[in-house]
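This report refers to the structure that appears directly beneath it.
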Amino acid sequence: MLITKENEEYKAALSDVSEDQLPEGDVTVAVEYSTLNYKDGLAITGSSPVVRKFPMVPGVDIAGTVIDSLGNQFKAGDKVILNGWGVGETHWGGLAEKARLKSEWLVPLPAAFSTKQAMAIGTAGYTAMLCVMALERQGVTPDKGDILVTGAVGGVGSVAVSLLAKLGYSVVASTGRADQADYLKELGASDIINREELSAPGRPLGKERWAGAVDTVGSHTLANICAGTKYGGVVTACGLAQGMDLPATVMPFILRGVILNGIDSVYCPIETRIEAWNRLAQDLDTKHIDLITNEIKLSEAISAASDLMKGTIRGRAVVNVNA
Ligand code: NDP
């Protein structure tokens, strides 16, 4: 898939390109699967300036097999994963049959996963794991109380619900899709709330409800989460589905010692990525991977990107780039 911008006309379409057009890198990968993350939706539909160079192959996630490698770190036949590093934004990405990449960006595929399963997890799932690791690191144990997950039917949210429930936390899932209550319960949510409870402007401090949170939506929702977090609780902020603003006050931080922990997956150090992927292999219920997966063909990815932006996709859209 190639995104072009010519005379202010922004377009995503399937195209043939020759191998010598691939960007610089020391490893060439035969891509098996990619995915559609929220950021890919923004890039493909052109709703936000995610793409920094044209033409661009979108796709921030890649799982596939090394074809050739100039260094010693990887060899032909190795299965690898890539998440982020500006791939799909400034360097050609995963919505293609081949990718040329830098070896220092690659994570060996954990033995627990197939390339398809790894892409069902993708950046969304790996970000959910980074949020869970941040909660754990700061002492949020299951006995501390409820953990709120927002945007729960989306990619990050679905994986966060599953991981937290498996680890013994009581998970409250916030969603705008009441008809997905059974799905969220199956992933392990103990309770479900309507996202409208959190999305309007609120008070600087409210009732102490959450021991921790995984927030994928930002804006008033994030402000209200902080206002409703218990003394010493931890809010991990990774997304902006409602908006990139944060109309909050300092009250939760200075009166309740609430910790607001930002999460970035794109330039996260390689050691932390490897730890996150190993934790996913250990803590993500593989039954749930099937439940969250919708496999689509590369030719379906452009219309699926619009659906993602409309919020009608459940869980994760996994793209079979060879279908
Ligand atoms: P999805 O599109 O899969 O899910 C987003 C979910 O957000 C939707 O399913 C919906 O959940 C909810 N939502 C959508 N619009 C609104 C709104 N106006 N108000 C409140 N909730 C809304 O996206 P992902 O899960 O892939 O990504 C979620 C967010 O996390 C995105 O903003 C993305 O950019 C960000 N992200 C950040 C990363 C980082 O490194 N920091 C990495 C990965 C993602 P429901 O239907 O349940 O209400």
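Please compute, over every Cα-Cα pair in the range 123-262, the percentage with a separation greater than 24 angstrom.
Of all Cα-Cα pairs in the range 123-262, 18 percent lie more than 24 Å apart.
Rounded to whole Å, give me the distance from the Cα center of the range 227-244 to that of the range 78-146.
Cα centres, the range 227-244 to the range 78-146: 22 Å.
For residue 207, which aspartates and glutamates qualify as cross-link partners when the Cα separation must be under 20 Å and same-chain residues fewer than eight apart are set aside?
Of all the aspartates and glutamates, those that pass the test against residue 207 - Cα under 20 Å, at least 8 places apart if same chain - are 143, 146, 191, 196, 197, 215.
Compute the signed sum of charges (Lys and Arg +1, Asp and Glu -1) over the other residues within less than 12 Å, Cβ to Cβ, of residue 122.
Residues near residue 122 contribute +1 overall.
Quick one: if the Förster radius is 30 Å, what FRET efficiency do residue 24 and residue 114 give, using the C-beta to C-beta distance and rounding to 0.05?
0.55
Helix-derived [θ] at 222 nm for the chain: sum -39500 (n - 2.57) over DSSP H runs of at least 4, divide by residue count, nearest 500?
So the helix-based figure for the chain works out to -9000 deg cm²/dmol.
Can you tell me what share of the DSSP beta bridges in the chain is antiparallel? A percent to the nearest 5 is fine.
Roughly 50 percent of the DSSP beta bridges within the chain come out antiparallel.
Which whole-number percent is the relative contact order of the range 100-246 (Cα, under 8 Å, 6+ apart)?
Value for the range 100-246: 22 percent.
Students often get this wrong, so check it: of 185/310; 75/287; 11/98, which have C-alpha atoms separated by over 29 Å?
75/287
Suppose R0 equals 41 Å. What FRET efficiency, 1/(1 + (r/R0)^6) with r the Cβ-Cβ distance, do residue 67 and residue 143 give to the nearest 0.05?
The formula returns an efficiency of 0.25 here.
Once fully extended, how much extra length lies between residue 15 and residue 275, figured as 0.36 nm per residue of separation less the alpha-carbon to alpha-carbon distance?
Difference between extended and current length: 90.0 nm.
By how many nm would the segment from residue 310 to residue 249 lengthen if fully extended, with 0.36 nm per residue of separation less the alpha-carbon distance?
In short, 18.9 nm is gained.
For residue 116, give me every one of the aspartates and glutamates with a C-alpha distance below 13 angstrom, ignoring sequence neighbours fewer than eight places off in its own chain.
32, 61, 290, 295
Run down the lysines and flag those whose C-alpha is under 16 Å from the C-alpha of residue 5, throwing out any fewer than 8 positions away in its chain.
53
Suppose a student asked you for the relative contact order of the chain, using Cα pairs under 8 Å spaced at least 6 residues apart; what percent would you report?
Here the relative contact order equals 19 percent.
R0 = 41 Å: FRET efficiency of residue 97 with residue 179, Cβ-based, nearest 0.05?
After rounding to 0.05, the efficiency reads 0.65.
First obtain the Kirkwood hydrodynamic radius of the range 43-183 from its Cα pairs, then insert it into the Stokes-Einstein equation at 10 °C and 1.306 mPa s, and state the resulting D in µm² per second as a whole number.
D, rounded to a whole number, is 93 µm²/s.
Among the trypsin sites (Lys or Arg not before Pro) in the range 246-323, which ones are in a DSSP loop with at most 11 other Cβ atoms within 10 Å of the Cβ? Mind listing them?
Passing both the DSSP loop test and the Cβ count: no residue.
For the range 1-149, what is the relative contact order in percent, using Cα pairs closer than 8 Å and at least 6 residues apart in sequence?
26
Read-outs: derived from the displayed coordinates by stated rules, not from any lab. Not measured: the values here are computed from a predicted model. Positions of Cβ are generated from backbone atoms using ideal geometry, with glycine treated the same way; all protein chains shown enter the neighbour counts.
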